[in-house]
Amino acid sequence: MPEKVVYLTRDGRAKLQAELDALIRVTRLEVVERIVQAKDLGDLSENADYETAKREQAFVEGRIRELQHQLSNVHLIDEGANGDNKVVRIGSSVTVFDEADGEEMTYTIVGSAEAKPREGKISNESPIGIALLGKKRGQKVVVPSPDGSYKVTIRRIS
């Protein structure tokens, strides 16, 4: 089965790489030191410090594997390659008008690893991301949501 592509901007890739480096060079070593210190306390069967450190070690190692996997499957989003900005794609900033509440919102379509909806960065796999991809300026788009669908009009693509 092919690996899932992880869409990231250059900045997003740099942030994931920095997190991975910190986990490997700092956090992993700190956790190992806590395990050693807890072992020095004696009986491991009733040693809460040891159990806590082992759980943290498992979490850190899992996150390291996850980041390594993501970084090995990166497809960089070329943020300046949208040409004439006629179609929404990953990397586009899209301003939409919500017909129901009369609000205008601007979103940047990014990969799921980089999504931060509160900052306006929405995943290409989110309902609104899926609904907007491939659409053009002026198009009305129906976005599915748990409360029922809603309509937005694409005002700008950049």
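Going by the structure shown, is residue 109 touching a Phe, Trp or Tyr at 6+ places or on another chain (Cβ under 6 Å) and surrounded by 12 or more Cβ atoms within 10 Å (Cβ to Cβ)? Steps first, please.
Values: touching a Phe, Trp or Tyr at 6+ places or on another chain (Cβ under 6 Å): no; surrounded by 12 or more Cβ atoms within 10 Å (Cβ to Cβ): yes.
It is false that residue 109 is touching a Phe, Trp or Tyr at 6+ places or on another chain (Cβ under 6 Å) and surrounded by 12 or more Cβ atoms within 10 Å (Cβ to Cβ).
What number goes with the only condition from (1) surrounded by 11 or more Cβ atoms within 10 Å (Cβ to Cβ); (2) under 30 Å from residue 33 (Cβ atoms); (3) not polar (S, T, N, Q) that residue 116 does not pass?
(2)
Can you tell me which of (1) in contact (Cβ under 8 Å) with a residue 60 or more places away in the chain; (2) loosely packed, with under 12 Cβ neighbours inside 10 Å is the one residue 13 doesn't meet?
Every listed condition holds for residue 13 apart from (2).
In this structure, does residue 61 turn out to be at pLDDT 95 or above, under 25 Å from residue 108 (Cβ atoms) and either surrounded by 12 or more Cβ atoms within 10 Å (Cβ to Cβ) or assigned by TED's automatic domain parsing to the domain that holds residue 114 (or both)?
Working: at pLDDT 95 or above: yes; under 25 Å from residue 108 (Cβ atoms): no; either surrounded by 12 or more Cβ atoms within 10 Å (Cβ to Cβ) or assigned by TED's automatic domain parsing to the domain that holds residue 114 (or both): yes.
So residue 61 does not fit the description; no.
Evaluate the following for residue 93: is it surrounded by 11 or more Cβ atoms within 10 Å (Cβ to Cβ), under 21 Å from residue 8 (Cβ atoms), out of contact with any Cys (no Cβ under 8 Å at 6 or more places or on another chain) and without any contact (Cβ under 8 Å) to a residue 24 or more places away in the chain? Show your work before the answer.
On the way: surrounded by 11 or more Cβ atoms within 10 Å (Cβ to Cβ): yes; under 21 Å from residue 8 (Cβ atoms): yes; out of contact with any Cys (no Cβ under 8 Å at 6 or more places or on another chain): yes; without any contact (Cβ under 8 Å) to a residue 24 or more places away in the chain: no.
No; evaluated as a whole, the condition is false for this residue.
The values are calculated or read from the model by the stated rules, or taken from the named source; none is laboratory data. None of the values given here were measured: they were computed from a predicted structure. Heads up, the Cβs are rebuilt from the backbone with ideal geometry, glycines too, and the neighbour counts pull from every protein chain shown.
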